[in-house]
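Shown next, in structure tokens, is the structure this report addresses.
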Amino acid sequence: MGDRSEPVTAAERLGPALLGRLPPEVRKPTYDRAALRPGIAHIGVGAFHRCHQAEYTDDLLAKDFDRWGLVGINVRPPRLAETLGRQDGLYTRLIRQNDEVEARVIGSIIRIVDSQDSAAPALHVLSSPDIEMVTMTVTEKGYCHIPSSGALDLDHPDIVHDLANPQAPRSVPGILARALELRMTSHGRPVTLLSCDNIPANGIILGNVVRTFAERRGNGLLDWIGANVAFPSAMVDRIAPATTEADVDAVEERFGYRDGAVVVGECFRQWVIEDRFAGRVPRWNRVGATLVDDLTPFEHLKMRVLNGAQTTLAYLGVLGGFEHTFEAVADQLLATFVRRMLTEETLPTLMSVPGISPAAYVEQSLARLTNTAIRHRNHQIATDGSQKIVQRLLNPIRDRLAKGEGIALLSVPVAGWMAYLVKASARFGRAWQASDPFAERIAAIAGRIGADSEALADAILAIDAIFDPSLAANTTFRAHVTTSLDGLLSNDPMDSVRQVCAGPTDAWLKRPARSA
């Protein structure tokens, strides 16, 4: 990159022409972006991808330059052509730790494709012989699967549409299946599809939904996928909240240029990938990613500890009146509760992870959540909780019940998720707007039942897409969830947390229920 030869105009937008004139404290790409060629396609170019996989790719290009340019595809809002696309894929990644800020311009994204109106632009990229790796961060609900089983939800409206109109798909599974069909009938080159979403065994889930879709095509696609496509699982980690206007303004005020695609993250990052690929792949392990034969211990540790803590603090934090995670974890009661939950009930469900002390990981995770510069809103973390609580809370609960062990603490955030959606219903005054695939269904339950906590818990536990029937029928689980839900729907929800923290489990279960 060239030397800084003239000052940056106050509101000049980030782009290739500006790179050589950025302030010296802003780190810039050290490789020739003009020499990049498409090699990776990523679906879901949100803040997390730009803080994580795109940064790892930027590191790899700087260390061992190859043609692994990223093509970013969005099939759901927001549109990025007018922000990231207008900047030729360049954006500023800010790392914030309390009062410290570190800025870096990432250059690995070479093209942006908005495909919200039609799948055609996405299919054109994904079926190209140049693309040998497809990564995705489409959130849990993007896989159109049944959370309790991992199977493709054949009743999902988008899946119903795509099975009837396979050449004009709407869903991620439908788009991927159609792209693979186009690859099969044109050049036949192998490809790796790598999920980077917080789903346990995400490669297995992705493989399940794509293969189920392909099987219904009946044209040899399923066999071709078996021979030419890999679905490795991956565990990804970095806290990257949604960008705010204040973040955009902060770049202009501090560094003197305008960037409409700023992202903010914490220092910590981790990427563990199952070593199972098809064809040529980027060697992200050269820049900090870890390749393993068995991802399970790593993903259970991260999902049940860090993500379990985030989910718990989000729901209990909102119910306790806290807007951000760092505020919730600064509360002595909530901090004590979540530490006890993780240490006493979650950790015993985990497998040994090479080189990692589980107790130290708990403390590291909670310390990360105290970062006051990462303003992660509890309502954002609470989004799509029905898709998250299975792996973060219900699976460890199931493991403990199988061994006859207590679940008093883990049951509280399950009830917290219920209370969060119930309080978003008209029956409870719409305390806030909830974003969850089951929000309307639970609102209807609340409207029909009212304030009877036991009847509410029974009706919600009957949703078998979330709660496995054998777990929902467990009397210990039902008793804990019902009692916790009753307390969390009271006028003083934190008192119920205080009580479950303070006394023996049986005393908590004997607490009188509120009258309906």
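Which of (1) crowded, with 16+ Cβ neighbours inside 10 Å; (2) farther than 21 Å from I199 by Cα; (3) of a type in the set (S, T, N, Q) is the odd one out, the single condition T139 does not satisfy?
All conditions are met except number (2).
Criterion first (in contact with a helix residue (DSSP H, G or I) (Cβ under 8 Å, 6 or more places away or on another chain) and assigned by TED's automatic domain parsing to the domain that holds S490) does T383 satisfy it? Spell out how you get there, then give the answer.
On the way: in contact with a helix residue (DSSP H, G or I) (Cβ under 8 Å, 6 or more places away or on another chain): no; assigned by TED's automatic domain parsing to the domain that holds S490: yes.
No: the conditions fail for T383.
Filter the stretch 85-103 down to the residues that are crowded, with 23+ Cβ neighbours inside 10 Å and not in a strand (DSSP E or B) and list them by number.
Across the stretch 85-103, the qualifying residues are Q87, G89, L90.
For the stretch 57-73, name all the residues that are of a type outside the set (D, E, K, R) and either surrounded by fewer than 23 Cβ atoms within 10 Å (Cβ to Cβ) or over 21 Å from the mean Cα position of the chain (by Cα) (or both).
L60, L61, A62, F65, W68, G69
Out of I205, I273, I199, report the one residue that is in contact (Cβ under 8 Å) with a residue 12 or more places away in the chain, surrounded by 20 or more Cβ atoms within 10 Å (Cβ to Cβ), of a type in the set (V, I, T) and assigned to a helix (DSSP H, G or I).
I205
Would you point out the residue of the stretch 161-175, among those that are in contact with a Cys (Cβ under 9 Å, 6 or more places away or on another chain) and within 18 Å of I225 (Cα to Cα), that is surrounded by the fewest Cβ atoms within 10 Å (Cβ to Cβ)?
G174
Would you mind stating whether A426 is buried (at least 21 other Cβ atoms within 10 Å of the Cβ) and either in the same structural domain as L471 (by TED's automatic domain parsing) or modelled with pLDDT of 95 or more (or both)?
Considered against the rule, which asks whether it is buried (at least 21 other Cβ atoms within 10 Å of the Cβ) and either in the same structural domain as L471 (by TED's automatic domain parsing) or modelled with pLDDT of 95 or more (or both), A426 comes out as no.
Hey, could you check the stretch 320-330 for residues that are out of contact with any Phe, Trp or Tyr (no Cβ under 7 Å at 6 or more places or on another chain) and of a type in the set (A, V, I, L, M) and say which is nearest to I389 (Cα to Cα)? Break it down into steps so the answer makes sense when it comes.
At the first step, the residues of the stretch 320-330 found to be out of contact with any Phe, Trp or Tyr (no Cβ under 7 Å at 6 or more places or on another chain) are 320-327, 329-330.
Going one step further and asking which of them are of a type in the set (A, V, I, L, M), we end up with 329-330.
Details: V329: 19, A330: 23 Å.
Filtering the stretch 320-330 for residues that are out of contact with any Phe, Trp or Tyr (no Cβ under 7 Å at 6 or more places or on another chain) and of a type in the set (A, V, I, L, M), the one nearest to I389 (Cα to Cα) comes out as V329.
Need the failing condition index for V263 against (1) within 19 Å of L369 (Cα to Cα); (2) outside the structural domain of V390 (by TED's automatic domain parsing); (3) without any contact (Cβ under 8 Å) to a residue 40 or more places away in the chain, just the number.
Tallying (1) within 19 Å of L369 (Cα to Cα); (2) outside the structural domain of V390 (by TED's automatic domain parsing); (3) without any contact (Cβ under 8 Å) to a residue 40 or more places away in the chain, V263 fails exactly one: (3).
The values are calculated or read from the model by the stated rules, or taken from the named source; none is laboratory data. Bear in mind that the values here come from a model prediction, so they are computed numbers and not experimental data. Cβ sites come from the backbone with ideal geometry, for glycine too, and all protein chains shown count toward neighbours.
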